[in-house]
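Student: First the structure, then my questions, so here it is.
The values are calculated or read from the model by the stated rules, or taken from the named source; none is laboratory data. Just so it is clear, the structure is predicted and the values come from calculations on it, not from any experiment. Counting neighbours? That spans all protein chains shown, and the Cβs are built from the backbone with ideal geometry, glycine included.
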Amino acid sequence: MTLEAIFVLAVLVVAIGLIAFEVVAIDLVAIAMLIAVVAAGVLSPADAFSGFASETVIMLAAIFVIAGTIARAGLAEAIAGLVLRRAKGKDTAALAIIMSISAALSTVFSNTSTTSVLTPAAIAYAKQAGTSASKLLMPLAFASMMGGTMTLIGTSTNLSASGMIAGLGLEPYGFLEFSGIGAILAVCGIAFMLGPGAMLIPERRQRDLTEGYGVRDYLSELVFPDDSKAIGCQITELELNRLELTPLHVLRGQERLSAHHLRKIQAQDRMLVKGTLDGLLRAREDKRFVIEPDIGQDVALPRAEFTGLGEAVVMPGSRLVGRRLGSSPFFHRFRLVVLAVHRRGRAYGTRLDDLRLQAGDVLLLQGASDDLSALKGHPDLWGLSEVGPPRPTLREGLLASGLLAVAVVFGILGILPLSIALLSVIVCLAIAGITPIQEAYRMIDWRLLVMVACMIGFGLAMYQSGAADALAAGLVGWIAPFGLMPSLFALAFLTVALTQPMSNAAAALTMLPVAVSSAELLQIDPRPVVILVTLAASLSFIAPLEPALLIVYGPGRYRFVDFIRVGGPLTVFLISILVLLVPWFWPLVSAP
């Protein structure tokens, strides 16, 4: 092994450690990896930055905008609500329907977007049918990941891998190249979740799963201004029960008073209440008091513009993880204030200044509707709900869907390169006023694009330095004596293992050079091997680290072990099917 290969492998090991322990954000780690290999002379600047000039990055950016426009139009929710009515209270039928819709939508939308827009419909159905929403949410998220394996644009992993293999001398993936095997994987996965998977999912009934999506209990403060009509009234006269609010205690200056023993309301009293999101929405309209967060955020926004409440979840790898709420400039920049935080069944509504955020925290936010909407699809804080009608309209969402379909057809038929066709859709949306160009820029996950571009460059460094050959030689030398199929199983499960500390896309981009080198050592065509690695990266359901799984983690009241119990067998089942089917779709002919 050369010194260059040893250096590249050392950089990879350090990077995995930094990502696994969340020391540094994954996009920053990817940038540092690229800097390291260029500074060491392993890679030229031109090769290092080839990922940024990749057609893959352009297509990823375009998909973010187009899918975001369609998702925000409420089209998916409308379809899900219409179809779920046909379930007529039959749990198995509802589960099959919601998973099928999720898998179908994920062929175009990202896993995260699909899960985000379908979660409200799933919980609304569960509430109406009197069933447990926990039985629907995990399968919904799993199906979104399965569906993404069917098309090139189904997941960022597929697109990223296509760009990587092009740099390794292989033909990029075709738009529908995965459709056959992806459809089989989705059908098998749905069948598993309807059978043994359904029995493994915990049933969290009403006692520990709140009434519906967006109605979990929060703590907040009601402040009575000097001119409030409630001054001099008793608490019972406020009729807070009609707002689904429960008074806990009152802060009067430095004194803390029990709400049950308080005689009359005084000016500047601060009443701590427990309530639901719907209750706080209605309380916002009450002129007798104002809702204020107990947090030191100086948000320069007139009170009259605080027109809505919304929820958002802190995403894995977010820059907010580990930050104190009182010191984070994020909410000031978005002109939002935090009213409360919901963390694994517990509500925090006071003393939020010193609360350090964790991945999976659900925040209740107050701000203008446009500012709340800006969180839809944000990589740090993913908006789960918003007040006011969705924009654009359903009709505009249908138009965007039609334009996307035309772009895909043009790309498949070779009339236009797919990247140009997708960019043309964005231009049409901007000219039509459906998605203004500034809003389009906000929809793009720039951190993911940077990570993908840097990892494409680092993948070239692994291949050119011989690091990929060294890893492949070790893997093949250990497994090859047992046969070809065990070698494929090893590559697939090693990819799945890497998705735990890394993102799915990063794991695939790390393993693809190893896959090509392994194919050369095994003297087989590298294409089925790289396809195996690409799809395996999207079939890891073991832990709630994938953003789509994190979105349902809180509303479903799941525990970490729930994903191991259900997702572990599902992962082994689908990876086994994948390894058996790949040689059937792409024969393992001898390499020329």
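Student: For the stretch 218-245, how many residues are among the hydroxyl-bearing types (Ser, Thr, Tyr) and either modelled with pLDDT of 80 or more or part of a loop (DSSP other than H, G, I, E, B) (or both)?
Tutor: Applying the first criterion (among the hydroxyl-bearing types (Ser, Thr, Tyr)) to the stretch 218-245 yields 218, 220, 228, 236.
Restricting the remaining residues to those that are either modelled with pLDDT of 80 or more or part of a loop (DSSP other than H, G, I, E, B) (or both) gives 228, 236.
Result for the stretch 218-245: 2.
Student: What is the one condition in (1) modelled with pLDDT under 80; (2) of a type outside the set (D, E, K, R); (3) surrounded by fewer than 19 Cβ atoms within 10 Å (Cβ to Cβ) that Leu355 does not satisfy?
Tutor: (1)
Student: Filter the stretch 492-517 down to residues that are in contact with a Ser or Thr (Cβ under 7 Å, 6 or more places away or on another chain) and not in a loop (DSSP other than H, G, I, E, B) and give me whichever is nearest to Ser156 (Cα to Cα).
Tutor: Ala505
Student: Tell me which residues, restricted to the stretch 22-37, are within 22 Å of Ile6 (Cα to Cα), free of Cβ contacts under 8 Å to residues at least 40 places away in the same chain, in contact with a helix residue (DSSP H, G or I) (Cβ under 8 Å, 6 or more places away or on another chain) and among the β-branched types (Val, Ile, Thr).
Tutor: Result: Val29, single match.
Student: Mind checking which pairs have a first residue in the stretch 162-187 that is closer than 21 Å to Met145 by Cβ and a second that is in a loop (DSSP other than H, G, I, E, B) and of a type in the set (Gly, Ala, Ser), Cβ under 8 Å, 6 or more apart or different chains?
Tutor: Every condition considered, the pairs that remain are Gly163/Ser54; Phe178/Gly154; Gly182/Gly154.
Student: If the requirement is being among the polar types (S, T, N, Q) and in contact with a Pro (Cβ under 6 Å, 6 or more places away or on another chain), which of these qualifies: Thr112, Thr149, Thr131, Thr155?
Tutor: Numbers: Thr149 fails: in contact with a Pro (Cβ under 6 Å, 6 or more places away or on another chain); Thr131 fails: in contact with a Pro (Cβ under 6 Å, 6 or more places away or on another chain); Thr155 fails: in contact with a Pro (Cβ under 6 Å, 6 or more places away or on another chain).
Just one listed residue meets the conditions, Thr112.
Student: Assuming Leu136 fulfils every condition listed in (1) aliphatic (A, V, I, L, M); (2) buried (at least 24 other Cβ atoms within 10 Å of the Cβ); (3) not in a helix (DSSP H, G or I) apart from one, which condition is it?
Tutor: All conditions are met except number (3).
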